[in-house]
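Notes follow the structure.
The values are calculated or read from the model by the stated rules, or taken from the named source; none is laboratory data. Bear in mind the structure is a predicted one, so any value in this text is a computation, not a measurement. Note: ideal-geometry Cβ built from the backbone for every residue, glycine included; neighbour counts use all protein chains shown. These area figures cover heavy atoms from the full protein model, side chains too; ligands, DNA and RNA do not enter into them. Shrake-Rupley method; radii C 1.70, N 1.55, O 1.52, S 1.80 Å.
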Amino acid sequence: MVTTHNLGFPRIGAKRELKFALESYWKGLSSRDDLKTFGAQLRQRHWQDQFRLDLVPVGDFAFYDQVLDMSFTLGNLPERVQGFQGDQLDNYFRVARGRSAPTADGRDVAAGEMTKWFDTNYHYIVPEFTAATEFKLNTSRLLEQLAEAKVQGVKAKPVIIGPVTYLWLGKTKDDSNKLTLLERLLPVYAELLEQLAAQGVEWVQVDEPALVTELDTDWRHAFNLVYHHLKSSRVKLLLATYFGTLQDNLYLACNLPVAGLHLDAINAHDEIQPLLNLLPSHKVLSLGVINGRNIWKTDLNATLDWLEPFAARLGDRLWIAPSCSLLHVPVDLTSEQKLDAEIKSWLAYALQKLDELKVLATALNRGRTAVAAELAANQTAITARRTSPRVTNPAIRTAIAGINPALGKRKSPYPVRARKQATLLNLPLYPTTTIGSFPQTTEIRQARSQFKAGELDEAGYKAAMHAEIERSVREQEALGLDVLVHGEAERNDMVEYFGEQLDGYAFSQFGWVQSYGSRCVKPPILFGDISRPKAMTVEWIKYAQSLTGKPMKGMLTGPVTILNWSFVRDDQPRSVSCYQLALAIREEVLDLEKAGIRVIQIDEAALREGLPLRKSQWKKYLDWAVESFRISANGVQDETQVHTHMCYSEFNDIIAFIADMDADVITIETSRSDMELLDVFDDFKYPNEIGPGVYDIHSPNIPTQEHIVQLMKKAAERIPSERLWVNPDCGLKTRQWPEVIPALTNMVAAAKALRATAV
């Protein structure tokens, strides 16, 4: 009999219940006990949703982040939060957010660095290490959840991040080699597994996705060292890999002394047969047969065609599951009452994916006739999508065929453009700006909600947005910023807003996924060929520019980010969809320029997260990604200044490609990493202008003028001051005006102080 299991479940709730519970607690509107009680109720609901499985994950729930949870389980707390009294949850949020509340002694606490979880749009809190790091086991969170699961009759499979991947994800704060910490870390993991065994646990899922990356000899040796050390554990270990192929790590993964191995059969389908030839005959093979990263229905009949021979060969040793944790997809498609019915019939959210898994297991265990009706319904949906005339637009296909290198080239090289732009814009040294958005106030959300509900007509909505835009402009003028933004009051999300106005997209009502903490996004559904029926932003930007004599930035989301932050069609190469988006954004850029806008920002926040996990495959992706940006941006005149923005992306190893984007100005995240991201400029002479972010907008902490000056002086050691901008890390929509005003006041004051010392 085939065993079914799941690697992880979305923790936010079908309607973002966890988000609202967290924010209520952070605002002081509910108690710590209220939050903990709610967490237990949410876990119970999610376990009940997974009762159909043979094994259910426990420990995949986190109030903020699973990597941060693992840091606390291992007792690896940054020194700056050690010694605080009170509940562990407060310290947890201090690391996650900076400070959960003013501390008893009045100290502010810097948040942990945040970066992308492999090639997803999920952000994790980076573990911090030094040569002196010690580990001390704290199993309270995991054992409490396991006890809850037992009471509810859950067939529990605890989930933990493996020791090698945990170290691989972290950063050292000194010059030490983090692999030297294995000697201290392994006894803690051994003790953790022993405590789980004492609770009657049979299987533990140990996530080691680092195995799908390129590993040097030392890291491969670490895997052997770790699992030979842990092989005496009384629990059975299921080593889980996902997001990619094992390639040169295939032999290593097959021969580690664990009881089972999970392979992402969506991304690594071609490795199943080679793996079977290597896998010892006593080991379980778990195959991720349902895509845990996208929302299209699985072709169940086609999956059974290739899966049935493996089931016949493996028998009870075959387990099936989604390819990875379902953290990356929404919870329940049945919540969608307004989604286009035809497109809805092509989709599967987390609960529906588990239904698909059950159908596959029943077909393998009892034969296809046992689920003939389900298979027939699935085939109808698959065929309907494949043959729908809504998916393909011949005119767009012709436009893609007509793309040529000239579309991606500016008329003049950067030095020529820079002189013309300086004459036109007349900006001071260390010009100040923001990244685009300002706080999404209660008034903004209320107007948007009333407009969508039909309680506010278009004229009333437009008037409300104009009032918010004017407020943003007046606040920026009062602050003394040099290049202004309109504040994006009219935008619900930087990707969804554009998708709503492009043909080829559909939109969900409850298609929420977690980005980090309480931050959720609702990726639009890219189902067909993309085109732009009309201008998307021009009216709003023109109105904002009419309110001020200062330069106003046109704000757009770039084609690569729209692609990477959407649920993307899987019936054509991603590059083709990206080129379609690039042509649509190019039209918008040219319309903004015609409207008199001379500064245009095209955000590519998600450029890096689309990178394949193996460097050998990077160039192919970056070639079409950079070309897509250039197509969207480079049709303008020399005098028009093009900006781009990238947030929370390590880009030191792709800096040459970023330079090849040829944006006049790039703004980046650097404040949480203390300008660490600028180290690359010690060797690489970046040719254009750059704004290293000096205000961490993901924390409630307000940066001081002195701190900003210090960060900018570090930047000026690598980049000539005449090519430096001063700006926040990211957009300000998630912050409140009482936080934003003092922070930007300090930022402008810092820029003035820098100018004074440069004279």
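Structural remarks
- The residues of the range 170-212 that are of a type in the set (Ser, Thr, Tyr) and buried (at least 21 other Cβ atoms within 10 Å of the Cβ) amount to a single one, Tyr189.
- Of everything in the range 536-558 that is β-branched (Val, Ile, Thr) and under 22 Å from Glu496 (Cα atoms), the residue that is nearest to the chain's Cα centre (by Cα) is Thr557.
- Within the range 485-496, considering residues that are touching a Pro at 6+ places or on another chain (Cβ under 9 Å) and not β-branched (Val, Ile, Thr), the one nearest to Asn727 (Cα to Cα): Gly487
- Taking the range 573-592 as the range and being in contact with a strand residue (DSSP E or B) (Cβ under 7 Å, 6 or more places away or on another chain) and either open to solvent by 10 Å² or more (accessible area, probe 1.4 Å) or free of Cβ contacts under 8 Å to residues at least 24 places away in the same chain (or both) as the test, only Arg574 passes.
- Conditions (1) under 20 Å from Lys15 (Cα atoms); (2) open to solvent by 10 Å² or more (accessible area, probe 1.4 Å); (3) touching an Asp or Glu at 6+ places or on another chain (Cβ under 7 Å): number failed by Tyr349: (2)
- Unique residue being in contact with a Cys (Cβ under 6 Å, 6 or more places away or on another chain) and of a type outside the set (Phe, Trp, Tyr) when the list is Arg94, Arg45, Arg16: Arg16
- Taking first residues from the range 536-549 that are open to solvent by less than 20 Å² (accessible area, probe 1.4 Å) and partners that are of a type in the set (Ser, Thr, Tyr), the Cβ contacts under 9 Å between residues at least 6 apart in sequence or on separate chains come to Met536/Tyr497; Thr537/Tyr497; Ala544/Ser472.
- When Gln50 is tested against (1) modelled with pLDDT of 95 or more; (2) polar (S, T, N, Q); (3) surrounded by fewer than 20 Cβ atoms within 10 Å (Cβ to Cβ); (4) within 25 Å of Ser515 (Cα to Cα), only condition (3) is not met.
- Cβ-Cβ under 7 Å pairs, at least 6 apart or on other chains, the range 559-572 side within 19 Å of Ile343 (Cα to Cα) and in a helix (DSSP H, G or I), far side at pLDDT 95 or above and open to solvent by 10 Å² or more (accessible area, probe 1.4 Å): Leu563/Arg574
- Of the residues making up the range 430-471, those that are surrounded by fewer than 15 Cβ atoms within 10 Å (Cβ to Cβ), closer than 30 Å to Pro742 by Cβ and of a type in the set (Asp, Glu) number 1.
- Which numbered condition Ser281 misses (of (1) among the polar types (S, T, N, Q); (2) crowded, with 21+ Cβ neighbours inside 10 Å; (3) in contact with a helix residue (DSSP H, G or I) (Cβ under 9 Å, 6 or more places away or on another chain)): (2)
- Tallying residues that are farther than 16 Å from Leu424 by Cα, in contact with a helix residue (DSSP H, G or I) (Cβ under 9 Å, 6 or more places away or on another chain), open to solvent by less than 10 Å² (accessible area, probe 1.4 Å) and outside any loop (DSSP other than H, G, I, E, B) within the range 593-608 yields 1.
- Matching residues in the range 278-306 - criterion: being small (Gly, Ala, Ser) and part of a strand (DSSP E or B): Ser286, Gly288
- From the list Glu470, Glu488, the one residue that fits, being within 27 Å of Ser566 (Cβ to Cβ) and of a type in the set (D, E, K, R), is Glu488.
- Test: residue in the range 434-445 that is farther than 26 Å from Leu481 by Cα, touching a residue at least 12 places away in the same chain (Cβ under 8 Å) and under 29 Å from the mean Cα position of the chain (by Cα): no
- Comparison of Ala715, Ala751, Ala756, Ala743 shows that the only residue that is in a helix (DSSP H, G or I), open to solvent by less than 20 Å² (accessible area, probe 1.4 Å), out of contact with any helix residue (DSSP H, G or I) (no Cβ under 7 Å at 6 or more places or on another chain) and within 19 Å of Leu429 (Cα to Cα) is Ala751.
- Flag for Ala268 being surrounded by 20 or more Cβ atoms within 10 Å (Cβ to Cβ), in contact with a helix residue (DSSP H, G or I) (Cβ under 6 Å, 6 or more places away or on another chain) and of a type in the set (Gly, Ala, Ser): no
- Flag if Leu29 is open to solvent by 40 Å² or more (accessible area, probe 1.4 Å), part of a loop (DSSP other than H, G, I, E, B) and modelled with pLDDT of 95 or more: yes
- Pairs, first in the same structural domain as Trp219 (by the TED database) in the range 246-258, second part of a loop (DSSP other than H, G, I, E, B) and open to solvent by 20 Å² or more (accessible area, probe 1.4 Å), C-beta under 6 Å, six or more apart: Pro257/Lys231
- Near pairs, Cβ below 7 angstrom, 6+ apart or cross-chain, from the range 597-621 (under 18 Å from Ile631 (Cα atoms) and not assigned by the TED database to the domain that holds Lys550) to any residue that is at pLDDT 95 or above and open to solvent by 40 Å² or more (accessible area, probe 1.4 Å): none
- Some residue of the range 50-59 being free of Cβ contacts under 8 Å to residues at least 60 places away in the same chain and among the basic types (Lys, Arg): no
- Scanning the range 529-552 turns up at least one residue that is in a strand (DSSP E or B) and under 30 Å from Ala467 (Cβ atoms).
- Residue within the range 430-446 that is modelled with pLDDT of 95 or more and more than 29 Å from Asn492 (Cβ to Cβ) present: yes
- For the range 315-327, the criterion of being more than 18 Å from Thr362 (Cβ to Cβ), assigned by the TED database to the domain that holds Leu347, open to solvent by 20 Å² or more (accessible area, probe 1.4 Å) and of a type outside the set (Asp, Glu) is met by at least one residue.
- Only one of Glu539, Glu496 that is at pLDDT 95 or above and out of contact with any Leu (no Cβ under 8 Å at 6 or more places or on another chain): Glu539
- Listed by position, the helices (runs of 4 or more DSSP H) contained in the range 67-185 that have at least 2 residues being free of Cβ contacts under 8 Å to residues at least 24 places away in the same chain and under 28 Å from Gly28 (Cβ atoms) are 88-97.
- When the range 221-241 is filtered for residues that are touching a helix residue (DSSP H, G or I) at 6+ places or on another chain (Cβ under 8 Å) and part of a helix (DSSP H, G or I), the ones remaining, listed by number, are Ala222, Phe223, Asn224, Leu225, Val226, His229, Leu230.
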